[in-house]
Amino acid sequence: MKSTGIVRKVDELGRIVLPIELRRTLDIAERDSLEIFVSEDTIILKKFQPTCVFCDSSKNIISYKGKNVCSTCASALGAKG
């Protein structure tokens with residue numbers, strides 16, 4: 001893990017501000033969803049990427065009846081029907 005040298009305080013509501021430089025570098029826009037992971041005493045934030053319910057791919061995702069499916073799996077499902 002690489003240190004950025006940036007320190008932020010948690011406010012009274014438990015929030016922190018991600019510096020604009022990091023948001024630009026990591027392509028995080030306002031209203032983007034972030035996943036939160038915990039590993040021992042470390043908190044990890046990751047930009048949320050929807051994945052296919054069948055193969056976990058994050059490429060060419062479509063939503064079908066509230067489920068995320070990649071185009072490859074959607075084609076395979078269509079071929080079996």
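A few comments on the model shown:
- Selection count, segment 1-32, where residues are under 30 Å from residue 62 (Cβ atoms) and surrounded by fewer than 10 Cβ atoms within 10 Å (Cβ to Cβ): 4
- Number of positions in segment 38-80 that are outside any loop (DSSP other than H, G, I, E, B) and either hydrophobic (A, V, I, L, M, F, W, C) or touching a residue at least 60 places away in the same chain (Cβ under 8 Å) (or both): 13
- The set of residues from segment 16-37 being over 30 Å from residue 73 (Cβ atoms) and either among the aromatic types (Phe, Trp, Tyr) or assigned to a strand (DSSP E or B) (or both) is empty.
- Residue list for segment 38-64, filter: among the hydrophobic types (A, V, I, L, M, F, W, C), over 25 Å from residue 75 (Cα atoms) and open to solvent by 90 Å² or more (accessible area, probe 1.4 Å): 38, 43
- Residue 68 meets the conditions (1) open to solvent by 60 Å² or more (accessible area, probe 1.4 Å); (2) over 11 Å from the mean Cα position of the chain (by Cα); (3) among the polar types (S, T, N, Q) in every case but one. The failed one is (1).
The values are calculated or read from the model by the stated rules, or taken from the named source; none is laboratory data. In this text, all values refer to a predicted model and were calculated from it rather than measured experimentally. Cβ atoms come from the backbone with ideal geometry, glycine included; neighbour counts cover every protein chain shown. SASA here: full protein model, heavy atoms, side chains in, ligands and nucleic acids out. Shrake-Rupley method; radii C 1.70, N 1.55, O 1.52, S 1.80 Å.
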